[in-house]
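Input: a single structure, listed below in structure tokens.
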Amino acid sequence: MTLTPVEPLPEHEVRVRAPGKVNLSLRVGARQEDGYHPLSTVFQAVSVYEEVVATPSDARTVTLSGVQAELVPTDASNLALRAVEVLARHTGIDDGVHLHLDKGVPVAGGMAGGSADAAAALVACDALWHTGLSRPELIELAAEVGSDVPFILMGHTAVGQGRGHLLTPALTRGEFHWAFAVQDRGLSTSAVYAAFDEVHGGSLGGPDPELDVPLMQALRAGDPRALGAALHNDLQVASLELDPLLAEPLTVATDAGALGVVVSGSGPTVAALGRSRQHALALAAAFTASGVADRVLTATGPVSGARVLAAD
Ligand SMILES: C[C@](O)(CO)[C@H](O)COP(=O)(O)OP(=O)(O)OC[C@H]1O[C@@H](n2ccc(N)nc2=O)[C@H](O)[C@@H]1O
Ligand SMILES: Nc1ncnc2c1ncn2[C@@H]1O[C@H](COP(=O)(O)OP(=O)(O)OP(=O)(O)O)[C@@H](O)[C@H]1O
């Protein structure tokens, strides 16, 4: 009998897509001893995406494409590689992987682009390595990588407490339509929190989720007008202090009839809520025409969290 040599399995790859986010409400308490601030926030995942392709490799490496890709580090400080390290340490898996990150979410824009890469890397390597971890276990690991990473795994709309990592899904109805004014200049998240501390000193109590009852009702009712009126961001004053030009897109969107307008997370991206898809396009056109944004995006929310698109 002659034996036919078995062909090695073809190299496989896993492709994952992860969304950016906007904080519909961001309420911040006094800085704690660990340097973090207690939050009560309502996240919404929006249809602006990072795409990550993971391929087996000898080492752990990353390459990038997409808008502002040149601003992102490719060394071990890359959030996607940090996520791989956390997963490898937790599972004891020693394999290499190559990650290609195609960036669609603004870099250092307050929309959690780096967190989306990290969430996508966790999902991709979990699939590649067949770790058998459950979603809740992955979400727990995600919190070790960054405060926003658990939400990007979960997606849709959720209330975040603690550092923003303790999540409760929120009931919502329908779709909301957004226009985003994006800047080439980024803002450092920790610098914005430090500026927030300068303004408030130690004078704050804990963040009060009760203040978001009208916002949660607006989400349940699918009422964009009520949602627009309830948008809120405690970090906005600090972002404006570090980047006073942000007042311009806020004014432009208000004048163009936005239902609500808010700095996204730590900024500098400004999010404007439209009455409809058509109106969100009109708000984006107003940003462009007035020259107050380096780029504009339109998106809908809520959308799913990080998920595998294809594996072969
Ligand atoms: C502004 C938000 O995007 C709102 O969702 C987040 O709070 C920031 O989340 P993130 O970028 O994932 O933040 P991390 O990577 O965990 O932390 C970056 C820095 O932000 C500050 N930070 C973050 C979260 C938090 N609850 N309090 C903080 O003070 C800390 O200075 C920290 O060193
Ligand atoms: N994969 C990555 N993508 C983007 N930035 C990364 C990545 N890895 C590390 N970074 C670094 O993290 C910084 C913040 O990037 P990111 O795009 O996540 O900001 P952000 O959207 O403001 O974050 P957040 O909304 O979570 O506060 C960048 O300036 C960059 O140096």
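Comparison of A143, A88, A116, A112 shows that the only residue that is more than 25 Å from Q236 (Cα to Cα) and out of contact with any Ser or Thr (no Cβ under 8 Å at 6 or more places or on another chain) is A88.
Yes/no per residue for (1) surrounded by 24 or more Cβ atoms within 10 Å (Cβ to Cβ); (2) away from ligand 1 (no atom under 12 Å from the Cβ); (3) more than 11 Å from K21 (Cβ to Cβ):
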| residue | (1), (2), (3) |
| --- | --- |
| D148 | yes, no, no |
| F151 | yes, no, no |
| T157 | no, yes, no |
| R163 | no, no, yes |
| L166 | no, no, yes |
| P169 | no, yes, yes |
| G174 | no, yes, yes |
| F180 | yes, yes, yes |
| T189 | no, no, yes |
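Every residue, every condition in (1) over 16 Å from the mean Cα position of the chain (by Cα); (2) not β-branched (V, I, T), yes or no:
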residue: A88; (1), (2): yes, yes
residue: D95; (1), (2): yes, yes
residue: G110; (1), (2): no, yes
residue: V123; (1), (2): no, no
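D208 passes every criterion in (1) surrounded by fewer than 23 Cβ atoms within 10 Å (Cβ to Cβ); (2) in contact with a helix residue (DSSP H, G or I) (Cβ under 6 Å, 6 or more places away or on another chain) apart from (2). On inspection, A238 passes the criterion of being within 16 Å of ligand 2 (Cβ to nearest atom), farther than 23 Å from S47 by Cα and either out of contact with any helix residue (DSSP H, G or I) (no Cβ under 7 Å at 6 or more places or on another chain) or touching a residue at least 12 places away in the same chain (Cβ under 8 Å) (or both).
Yes/no per residue for (1) within 9 Å of ligand 2 (Cβ to nearest atom); (2) farther than 26 Å from P268 by Cα:
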| position | (1), (2) |
| --- | --- |
| S47 | no, no |
| L64 | yes, no |
| L79 | yes, no |
| A116 | yes, no |
| L133 | no, yes |
| I139 | no, yes |
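Among the residues of this structure, D255 counts as one that is farther than 26 Å from A116 by Cβ, acidic (D, E) and in the same structural domain as D184 (by TED's automatic domain parsing).
Every residue, every condition in (1) in contact with a Ser or Thr (Cβ under 8 Å, 6 or more places away or on another chain); (2) polar (S, T, N, Q), yes or no:
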residue	(1), (2)
D34	no, no
V52	no, no
N78	no, yes
G92	no, no
K103	yes, no
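Given T288, T298, T251, which one is in contact (Cβ under 8 Å) with a residue 60 or more places away in the chain and either touching a helix residue (DSSP H, G or I) at 6+ places or on another chain (Cβ under 8 Å) or at negative phi (or both)?
Values: T288 fails: in contact (Cβ under 8 Å) with a residue 60 or more places away in the chain; T251 fails: in contact (Cβ under 8 Å) with a residue 60 or more places away in the chain.
Answer to the selection: T298.
On the stretch given as the stretch 263-298, residues that are buried (at least 24 other Cβ atoms within 10 Å of the Cβ) and assigned to a strand (DSSP E or B) total 7. Scanning the stretch 86-97 for residues that are in contact (Cβ under 8 Å) with a residue 40 or more places away in the chain and touching a Pro at 6+ places or on another chain (Cβ under 8 Å) yields G96, V97.
Against the test of being modelled with pLDDT under 95 and within 16 Å of ligand 2 (Cβ to nearest atom), the options R185, R163 yield a single qualifying residue, R185. Condition first: modelled with pLDDT of 95 or more and in contact with a His (Cβ under 8 Å, 6 or more places away or on another chain). Can you find one or more residues in the stretch 74-88 that meet it? There is no residue in the stretch 74-88 that is modelled with pLDDT of 95 or more and in contact with a His (Cβ under 8 Å, 6 or more places away or on another chain). If only residues of the stretch 54-92 that are part of a loop (DSSP other than H, G, I, E, B) and surrounded by 16 or more Cβ atoms within 10 Å (Cβ to Cβ) are counted, the one that is farthest from ligand 1 (Cβ to nearest atom) is V67. When you check L128 against the structure, is it in the same structural domain as L87 (by TED's automatic domain parsing), of a type outside the set (V, I, T) and either crowded, with 22+ Cβ neighbours inside 10 Å or more than 17 Å from the chain's Cα centre (by Cα) (or both), yes or no? Considered against the rule, which asks whether it is in the same structural domain as L87 (by TED's automatic domain parsing), of a type outside the set (V, I, T) and either crowded, with 22+ Cβ neighbours inside 10 Å or more than 17 Å from the chain's Cα centre (by Cα) (or both), L128 comes out as yes. Taken over the stretch 117-151, the residue count meeting the criterion of being among the acidic types (D, E) and within 24 Å of L64 (Cα to Cα) is 4.
The values are calculated or read from the model by the stated rules, or taken from the named source; none is laboratory data. No experiment lies behind these values; they were computed from the predicted model shown. Neighbour counts run over all protein chains shown; Cβ positions are idealised from the backbone, glycine included.
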